[in-house]
1. Could you check VAL154 against (1) modelled with pLDDT of 95 or more; (2) more than 27 Å from LEU23 (Cβ to Cβ) and say which number it fails?
2. Would you mind finding the one in ALA263, ALA291 that is assigned to a helix (DSSP H, G or I) and either within 30 Å of GLU56 (Cβ to Cβ) or of a type in the set (A, V, I, L, M) (or both)?
3. Scan (1) modelled with pLDDT of 85 or more; (2) on the phi > 0 side of the Ramachandran plot; (3) touching a helix residue (DSSP H, G or I) at 6+ places or on another chain (Cβ under 9 Å) for the single condition GLY371 breaks and write down its number.
4. Here are the criteria: (1) closer than 21 Å to GLU260 by Cβ; (2) in contact with a Lys or Arg (Cβ under 6 Å, 6 or more places away or on another chain). Tell me which single one SER235 does not satisfy.
5. If I go through segment 236-265 residue by residue, how many of them are surrounded by 11 or more Cβ atoms within 10 Å (Cβ to Cβ) and within 17 Å of THR211 (Cα to Cα)?
6. Starting from segment 456-481, take each residue that is within 12 Å of GLU429 (Cα to Cα) and list its partners that are of a type in the set (Phe, Trp, Tyr) and at pLDDT 80 or above, counting only C-beta distances under 8 angstrom and pairs at least six apart or across chains.
7. Look at GLY189 and say whether it is at positive phi, surrounded by fewer than 20 Cβ atoms within 10 Å (Cβ to Cβ) and not in a helix (DSSP H, G or I).
8. Within segment 338-362, restricting attention to residues that are assigned to a helix (DSSP H, G or I) and in contact (Cβ under 8 Å) with a residue 40 or more places away in the chain, which residue is farthest from the chain's Cα centre (by Cα)?
Amino acid sequence: MPKDWETVIGLEIHAELNTKSKLFSSARNRFGDEPNTNITEVCTGQPGALPVLNKEAVKKAVQFGCAINATIAKFSKFDRKSYFYPDSPRNFQITQFDEPIVLGGSIIAEVDGEEKEFAVNRVHLEDDAGMLKHFSNFAGVDYNRAGVPLIEIVSEPCIHTPKEAVAYATMVRAILQYLDACDCNMEEGSLRFDANVSVRKKGETTLRNKTEIKNMNSFNYMEIALYAEIERQISEYLKHPDLHPDEVIKQSTYRWDPAERRAVLMRTKEQADDYRYFPEPDLVPIVLTDAYIDKIKESLPELPLQRERRYIRDLALSPGSAFVLASDKPTADYFEQALKVWPNARNVCNWIIGEFAGRFSDTGKSLLTSGITAENIGHLVEMIEKGTITGRIAKAVADDMVANPEKDCRQIVKDNPDYQPLSDTKEIEILVDKVLAEHPQSIADYKAGKDKAFSFLVGQIMKLTRGKASPQVVNELLKSKMK
């Protein structure tokens, strides 16, 4: 992005709450069932059907508000947001407009190794719409999702890069996971992102027209979409320097097309007046007490930021590694389980988020779903550090673990003769002498203070032993022979 331009991003994150029933009816809140089986008269907007509020959804919304140090409104109410679309059987959504349940708060996330704080504007409760399903020559509507409870988490326009947007959204997801408020399955649509994007010349204090990119369900797509939209807006402004900015970028709503890698216009942006908000007449306001709010605050679990800071403070992990682990609760739990077997946090972390993550990056799987146990990772690191296997052998063992996830890594080493390390000093010494005899210039370079020459010699020896020699023994022999 040109240095004289600034990006302004605001995110609206929709999180489906994992309550047993829907927000205003007793219908099951469950993904994947046969279409139109988890519905009642309320879900389908039948005449005379009255909504009844789900208390558990209110509790989860308050938990999230407490987790981000927001103000919990002791009085909030529901409103009708009118729009006509086939997936909304009532022709209106029940949401919270001017008096939401959560106000303010902040999200602290790690960006480029540093903590950055992002302001939250509000969090409100609302129900989800149904789902349109398109077939070859017709479309249908599945109302199983209609009425599922959502919280919409609305940031202030305080995000300035796509990387910051991903970090913020990652931490929001983590908080939801730690609270057990949402399963955060983005492929199933239980966590979705809408981004409001605008650009302006640096030094400008007012916001230019924004575009909204809707319903992104992956961090990767969101980052790509934001970069593409920022580039598009700047390009349009540069093409039309003589026009007023409002004439160049219209306030519009787009969807991201991953195949085309571009935003596709859906409609010009509606204003709040277009939705004809008014108080929901069939629901009483939500009235909370200080005692209720205090009880929820006291029962909060360890949150991702607290866990991240504990990893940095107590386990000496880097901020980047601590953020990667703590921002995904299942991964952090897996890591701590592995530490019970072998307590070297840095090495265990590197194998989990580095070596094994890389092996699964193009497979559609992950370490956590592979069948490889956390204890198996702990035992692999233990064998490396005890000198049972070398680092090079460990990489081959890791490949075998991926291919045979149910097999214990210790048994893998035991069953393969090639994985038995070479520890016979006399046998290694013969190879050291051979390499030194073949590379007299490297010896001279090492004695002249060139460290790379020593590394080269070590590499040649390890090559001859197919990585099976103990690096410590090789180093000691080389140094003693080149004094």
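The values are calculated or read from the model by the stated rules, or taken from the named source; none is laboratory data. Just so it is clear, the model here is predicted, and its values are computed rather than measured. Neighbour counts are summed over all protein chains in view; Cβ atoms, including those assigned to glycine, are modelled from backbone coordinates with ideal geometry.
1. It is condition (2) that VAL154 fails.
2. Working: ALA263 fails: assigned to a helix (DSSP H, G or I).
Going through ALA263, ALA291 in turn, the sole match is ALA291.
3. Every listed condition holds for GLY371 apart from (3).
4. Status for SER235: all satisfied but (2).
5. So the count comes out to 17.
6. From residues that are within 12 Å of GLU429 (Cα to Cα), the pairs are LEU478/PHE454.
7. Yes.
8. Out of the qualifying residues, it is ALA338.
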